[in-house]
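Scroll down for the structure; my scribbles are underneath it.
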Amino acid sequence: MSLKLYNTLSRKKEEFISLNEKRVGMYVCGPTVYNFFHIGNARPFLIFEVLRRYLRYKKYEVVYVTNFTDIDDKVINKAKEMGISYDKVADKFIREYFQDADFLNIGRADHYPRATEHIPDIIRFIEQLQEKGFTYEVEGDVFYDVSKFKDYGKLSKQSIDEIQSGARIEIDERKKNPYDFVLWKRAKEGEPKWDSPWGPGRPGWHIECSAMSSKYLGETFDIHAGGEDLIFPHHENEIAQSEAVSGKTFARYWLHNGYLKIDNKKMSKSLGNILTIRELSQKYDGSVIRHFLLSAHYRSPLNYSIEQIEQSKNSMETLNNLIYNLKFLSERKLPSKEIDIDSNKLNETIDKMKNRFIEAMDDDFNTPVALSTLFLLAKETNIYLNKTGYKNQDTIERIIRFYEDFGAHILGLKFSSILANQESLPGKEIEDLIDARETARKNRDWETADQLRVKLLNMGIVIEDTKEGVRWKKS
Ligand SMILES: [Zn+2]
């Protein structure tokens, strides 16, 4: 089966064919590092990394690049506000980025280029544009002359007239055309600066992605992704820069995720509804937030509300409990010789869910459908587990493997939270109490057994008696 991806460039789902057989180059626009990232920023970081996980599952070798914009007005303003240098601000928020990304179980990229560490590459890129006649210089600022690039607007599918009316364009009277954009900015008094052929200054935002993506992935690479707010002007400008220099296609598949809203409102400073991952991490497990972000198709808008995130919390609890039960059973080493009707039926469901998962992911990585297979299988498995009688070890292990392969490796969900708590818990005292209760039960001393159960409950331990023995978990 082949993977299809919706390409913003063609506005169509296209079969994904990589440039170099099994090697895929992927670039995802990263954060401007002046603040903690919020749940809207998290969406592309997380979702496109799931695509990488899936490509790896399909045996592609993926080179994944995410940049850090570590110099711009926001970083400079933050530095003033905090009374430290701009690079200290960037260092701090890169550290914070990794903390939150790890919390969400976003796999690490292969490269995290920082703009300020690539100034010579960026200058060289601007020089090439200059040599080819795509730039003009005004008072130490270098602009890109959009009228020189005939395909301008091909990604956002707008003619230059339409662009002029709708977009957020920086007004600057020195520009020949309002949609021209800055490649090199002359340094103002007291601002960080680097030497260049146009005098001291710093790079514009768009140029850093063109220069750094080609450095790590080549002039033409497979997938370029980001939030849909980046289509114009950022990605349009990246194409204009890169294709002007190379004369070749820049990125072959352009992927964009939809907006995230909070209680159906746009997230904004003025509404005071910016929800950072750091804030959310006080209340919710990383996998709960992950479940929420995967619960909608990446191109659809997604609305955050307490009800939605609580639903994700419940969903993850369902899976955690199921996997806890499955592991408990599989450790008991059940018989696996015979396959009875129920085990057989469940095996068929596993196969069906595997196929459905892969079909969904192949169809423009439809994570909500892929996610739903985890719950459909959970439902069938719980019915199986709740029936009395024979349980097949191989079947139980196959189900566990399904959750490991698809839930954990591809979707990046961690099911270990409950198990980890379990493992860290059994203090000597708790074990003794559980044993004492067992002894009391064997002696049919129900009163003592019940007192001990309540005592354990007060310590936050829930006791369950099953056919296979006593189990306990954190309440
Ligand atoms: Zn970018």
Worksheet item: What are the residues in segment 42-84 that are on the phi < 0 side of the Ramachandran plot and either without any contact (Cβ under 8 Å) to a residue 24 or more places away in the chain or not assigned by TED's automatic domain parsing to the domain that holds Trp194 (or both), if any?
Response: Arg56, Asp73, Ala79, Lys80, Glu81, Met82, Ile84
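Applying the selection to segment 26-36, what residues are within 15 Å of the ligand (Cβ to nearest atom) and not hydroxyl-bearing (Ser, Thr, Tyr)?
Met26, Val28, Cys29, Gly30, Pro31, Val33
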Worksheet, complete the sentence: For segment 1-56, the count of residues that are in a strand (DSSP E or B) and of a type in the set (A, V, I, L, M) equals 4
Worksheet item: How about segment 377-417: which of its residues are among the small types (Gly, Ala, Ser) and at pLDDT 95 or above?
Response: Ala378, Gly407, Ala408, Gly412
Item to complete: Considering only residues that are modelled with pLDDT under 85 and of a type in the set (A, V, I, L, M), look in segment 155-204 and name the one that is nearest to the chain's Cα centre (by Cα).
Response: Ala167
Worksheet item: Would it be correct to say that Ile94 is without any contact (Cβ under 8 Å) to a residue 24 or more places away in the chain, touching a Lys or Arg at 6+ places or on another chain (Cβ under 9 Å) and either β-branched (Val, Ile, Thr) or crowded, with 17+ Cβ neighbours inside 10 Å (or both)?
Response: no
Worksheet item: For Leu319, all conditions in the list (1) hydrophobic (A, V, I, L, M, F, W, C); (2) buried (at least 18 other Cβ atoms within 10 Å of the Cβ); (3) assigned to a loop (DSSP other than H, G, I, E, B) hold save one; what is the number of the exception?
Response: (3)
Worksheet item: Which one is farthest from Val470 (Cα to Cα) among residues in segment 325-343 that are modelled with pLDDT of 90 or more and not polar (S, T, N, Q)?
Response: Ile341
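Sort out which residues of segment 272-305 are among the small types (Gly, Ala, Ser), touching a residue at least 60 places away in the same chain (Cβ under 8 Å) and under 21 Å from Leu374 (Cβ atoms), and write them in order of number.
Correct list: Gly286, Ser287, Ser295, Ala296.
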Worksheet item: Just one of Ala101, Ala109 is more than 16 Å from the ligand (Cβ to nearest atom) and either within 25 Å of His291 (Cα to Cα) or surrounded by fewer than 21 Cβ atoms within 10 Å (Cβ to Cβ) (or both); which is it?
Response: Ala101
Worksheet item: Mind checking whether some residue in segment 137-146 is away from the ligand (no atom under 16 Å from the Cβ), modelled with pLDDT under 95 and surrounded by fewer than 16 Cβ atoms within 10 Å (Cβ to Cβ)?
Response: yes
Fill in: segment 327-367, residues that are basic (Lys, Arg) and in contact (Cβ under 8 Å) with a residue 60 or more places away in the chain
Lys327, Arg332, Lys333
Discussion item. Any residue that is part of a helix (DSSP H, G or I), under 22 Å from the mean Cα position of the chain (by Cα) and either crowded, with 16+ Cβ neighbours inside 10 Å or more than 16 Å from the ligand (Cβ to nearest atom) (or both) - is there at least one of those in segment 295-307?
Written reply: yes
Worksheet entry | Top-ranked residue of segment 92-139 - restricted to ones that are in a loop (DSSP other than H, G, I, E, B) and of a type in the set (Asp, Glu), ranked as farthest from Met316 (Cα to Cα) | Glu139
Worksheet item: When only residues in segment 216-230 that are closer than 19 Å to Lys22 by Cβ and not hydroxyl-bearing (Ser, Thr, Tyr) count, which is surrounded by the fewest Cβ atoms within 10 Å (Cβ to Cβ)?
Response: Gly218
Worksheet item: Out of curiosity, is Asp222 acidic (Asp, Glu), touching a Leu at 6+ places or on another chain (Cβ under 8 Å) and either on the phi < 0 side of the Ramachandran plot or not assigned by TED's automatic domain parsing to the domain that holds Gln158 (or both)?
Response: yes
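Residues checked against (1) among the polar types (S, T, N, Q); (2) farther than 24 Å from Phe48 by Cα:
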position	(1), (2)
Asn257	yes, no
Ser268	yes, no
Gly272	no, yes
Arg278	no, no
Asp285	no, no
Tyr324	no, yes
Item to complete: Hey, can you tell me all the residues within segment 57-72 that are in a helix (DSSP H, G or I) and within 16 Å of the ligand (Cβ to nearest atom)?
Response: none
Worksheet, complete the sentence: Output for Cβ contacts, cut-off 7 Å, separation at least six or different chains, first residue touching a residue at least 60 places away in the same chain (Cβ under 8 Å) in segment 12-23, second of a type in the set (Asp, Glu), reads Lys13/Asp364; Ser18/Asp222; Leu19/Asp222
Worksheet item: Which of the residues that make up segment 180-239 are aromatic (Phe, Trp, Tyr) and either part of a helix (DSSP H, G or I) or within 15 Å of the ligand (Cβ to nearest atom) (or both)?
Response: Phe181, Trp205, Tyr216, Phe221, Phe232
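Residue-by-condition table, conditions (1) assigned to a helix (DSSP H, G or I); (2) in contact with a Phe, Trp or Tyr (Cβ under 6 Å, 6 or more places away or on another chain):
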{"site": "Lys283", "(1), (2)": "no, no"}
{"site": "Ile339", "(1), (2)": "no, no"}
{"site": "Asn355", "(1), (2)": "yes, no"}
{"site": "Ala370", "(1), (2)": "yes, yes"}
Worksheet entry | Test: Glu279 is acidic (Asp, Glu) and either away from the ligand (no atom under 13 Å from the Cβ) or outside the structural domain of Phe134 (by TED's automatic domain parsing) (or both) | yes
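The values are calculated or read from the model by the stated rules, or taken from the named source; none is laboratory data. Bear in mind the structure is a predicted one, so any value in this text is a computation, not a measurement. Please note: Cβ atoms are built from the backbone with ideal geometry, for glycine as well, and neighbour counts cover all protein chains shown.
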